[in-house]
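Enquirer: First the structure, then my questions, so here it is.
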Amino acid sequence: MTTSPNSRPRTRATASKKRLFAASMQLLGARGPNAVSVDEIAQIAGVSKGTVYYNFGSKDKMIGQVLEFGADMLVAELVEASTLSEPRDALRTMASIAIDFVEKYPSFAQIWISEQLRPESDWGDQITPVYTRVTSTIIEVIDRIVVLAQEEKQPVATAIFGAALFSARLRAASANPENRETILNSVLFIVDGLIATHEPVTDH
């Protein structure tokens with residue numbers, strides 16, 4: 001198969017962004033956004049400082065861009081899992097993906113949660129739309145299982161994703177972490193509660 005002229009640069013760019021994302025999560029989680037320099041991120045990632053600016057822009061914009069890139073990676077996996085034929089299996093897989101992602105990048109959940117809670121976050125405008133994509137994807141799957149009132153959908157999706165995100169972050173920080181399956185099953189209790197208390201969807 002012939003390789004298109006643009007495929008290699010795009011592949012290199014994606015690989016660079018992933019290295020920069022991993023390096024940023026390592027440093028930001030340890031010291032916080034204001035105490036991390038572009039030089040340090042470049043050094044940990046094994047790229048030039050120019051590569052950091054090329055992929056994520058200036059220091060002022062970089063944190064938001066890094067969070068957005070990580071969120072996009074997570075969303076892509078969640079969207080793929082949401083297409084599984086059995087919706088409960090889809091939600092279990094999505095919760096599992098979120099837990100694994102946080103275990104790999106624990107600082108991501110830490111920063112995302114803190115920025116969502118800050119009333120004047122520097123990067124809220126960038127991460128809030130991605131969060132909406134996550135909850136919308138969860139709602140699409142829930143709509144295949146039970147009938148919910150419109151006003152119930154967003155809180156339920158937030159509860160499912162929030163439980164997975166926060167539980168996984170606590171597990172990553174704990175000296176005696178909970179069993180992964182125990183956490184995953186606990187998240188699914190929310191789904192099972194919906195199934196037990198709401199009218200089922202019969203035409204999915």
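The values are calculated or read from the model by the stated rules, or taken from the named source; none is laboratory data. In this text, all values refer to a predicted model and were calculated from it rather than measured experimentally. Using ideal geometry, Cβ is built from the backbone for each residue, glycine included, and neighbour counts are taken over all protein chains shown.
Enquirer: Suppose we filter Ile183, Ile190 for residues that are without any contact (Cβ under 8 Å) to a residue 40 or more places away in the chain, in contact with a helix residue (DSSP H, G or I) (Cβ under 6 Å, 6 or more places away or on another chain) and among the β-branched types (Val, Ile, Thr); which single one remains?
Expert: Details: Ile183 fails: without any contact (Cβ under 8 Å) to a residue 40 or more places away in the chain.
Of the residues listed, the single one that is without any contact (Cβ under 8 Å) to a residue 40 or more places away in the chain, in contact with a helix residue (DSSP H, G or I) (Cβ under 6 Å, 6 or more places away or on another chain) and among the β-branched types (Val, Ile, Thr) is Ile190.
Enquirer: Is it fair to say Val47 is aliphatic (A, V, I, L, M), in the same structural domain as Val187 (by TED's automatic domain parsing) and at pLDDT 85 or above? If you could, list the steps in order and put the result at the bottom.
Expert: Details: aliphatic (A, V, I, L, M): yes; in the same structural domain as Val187 (by TED's automatic domain parsing): no; at pLDDT 85 or above: yes.
In short, no.
Enquirer: Just give me the residues in the stretch 56-105 being under 23 Å from Arg19 (Cα atoms) and of a type in the set (Lys, Arg), in sequence order.
Expert: Result: Lys59, Lys61, Lys104.
Enquirer: Looking only at residues that are under 22 Å from Asp192 (Cα atoms) and of a type in the set (Val, Ile, Thr) in the stretch 58-90, which one is farthest from the chain's Cα centre (by Cα)?
Expert: That would be Thr83.
Enquirer: Can you find a residue that is outside any helix (DSSP H, G or I), crowded, with 20+ Cβ neighbours inside 10 Å and either over 23 Å from the mean Cα position of the chain (by Cα) or at pLDDT below 85 (or both) anywhere in the stretch 18-37? Lay out the reasoning, then the answer.
Expert: Let us first name the residues in the stretch 18-37 that are outside any helix (DSSP H, G or I), namely 32, 36-37.
Next cut, crowded, with 20+ Cβ neighbours inside 10 Å only: 36.
Subset that is either over 23 Å from the mean Cα position of the chain (by Cα) or at pLDDT below 85 (or both): 36.
Looking through the stretch 18-37, at least one residue is outside any helix (DSSP H, G or I), crowded, with 20+ Cβ neighbours inside 10 Å and either over 23 Å from the mean Cα position of the chain (by Cα) or at pLDDT below 85 (or both).
Enquirer: A further question follows. Within the stretch 166-204, take every residue that is of a type in the set (Ser, Thr, Tyr) and farther than 30 Å from Ser107 by Cα and give me the one that is surrounded by the fewest Cβ atoms within 10 Å (Cβ to Cβ). Please lay out each step first, then the result.
Expert: So in the stretch 166-204, the residues of a type in the set (Ser, Thr, Tyr) come out as 167, 174, 182, 186, 197, 202.
Then drop every residue that is not farther than 30 Å from Ser107 by Cα, which leaves 197, 202.
Values: Thr197: 8, Thr202: 6.
Per the stated criteria, the residue is Thr202.
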